[in-house]
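See structure below.
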Amino acid sequence: MNIILSSLKYNDFGPKINHFLALIKPSIGFLLRHLINGNFSTSAGSKTIKLVHFCHGAPGIVTALAKFAEIFPEMAIQMGIKEVLQVNLDHIWKYGVLKKGFGLCHGISGNAYAFISPSIQQVLHEKSDEFLKKAQLFALLHEE
């Protein structure tokens, strides 16, 4: 999803953008339906939300949702994306200290990145200082 949205952001598709929106919007809706207490289920139909990893939970999905909100701001407002992002980031902050290493996918780096990704900074710009501090605190855990 992030790759597709990045392509839309950095290329001028003109009127064809509506075709892509028609394809992407159901995927965003699917993600939102699987939101459970600030995180996302590990697979369709699952109620498991214990994984706060870039590849399985809120840290990776917030970057896609934020990129969607950046490209389609009116649609994102209608879908309540900004509020969902805040709930997800709160969940990452509360449960995202991972002890599996420093990798982007299963480590603390992916959770730190969720706070400082360019799209998050753009969509939730009023909280950028707070998010930078949180990412820095995650980074400090690398040293321990």
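The values are calculated or read from the model by the stated rules, or taken from the named source; none is laboratory data. This is a predicted model, so every value here is computed, not measured. Using ideal geometry, Cβ is built from the backbone for each residue, glycine included, and neighbour counts are taken over all protein chains shown. Calculation scope for accessible area: heavy atoms of the full protein, side chains included, ligands and nucleic acids excluded. Shrake-Rupley method; radii C 1.70, N 1.55, O 1.52, S 1.80 Å.
Some notes on this structure:
- Subset of the range 1-19 that is within 15 Å of residue 76 (Cβ to Cβ) and of a type outside the set (Val, Ile, Thr) - its residue that is modelled with the lowest pLDDT: 1
- Within the range 1-26, the set of residues being in a loop (DSSP other than H, G, I, E, B) and surrounded by 16 or more Cβ atoms within 10 Å (Cβ to Cβ) comprises just one member, 1.
- Flag if residue 46 is of a type in the set (Ser, Thr, Tyr), out of contact with any helix residue (DSSP H, G or I) (no Cβ under 6 Å at 6 or more places or on another chain) and under 23 Å from residue 4 (Cβ atoms): no
- All helices (runs of 4 or more DSSP H) inside the range 27-144 with 3 or more residues being open to solvent by 40 Å² or more (accessible area, probe 1.4 Å): 73-79, 81-95, 118-123, 128-143
- Considering 116, 92, the condition of being among the β-branched types (Val, Ile, Thr), out of contact with any Phe, Trp or Tyr (no Cβ under 7 Å at 6 or more places or on another chain) and under 19 Å from residue 141 (Cα atoms) is satisfied by 92 alone.
- The set of residues in the range 90-114 that are under 9 Å from residue 59 (Cβ atoms) and out of contact with any Gly (no Cβ under 6 Å at 6 or more places or on another chain) comprises 92, 96, 110, 112, 113, 114.
- All positions within the range 80-115 that are of a type in the set (A, V, I, L, M) and touching a Leu at 6+ places or on another chain (Cβ under 7 Å): 81, 84, 85, 97, 108, 114
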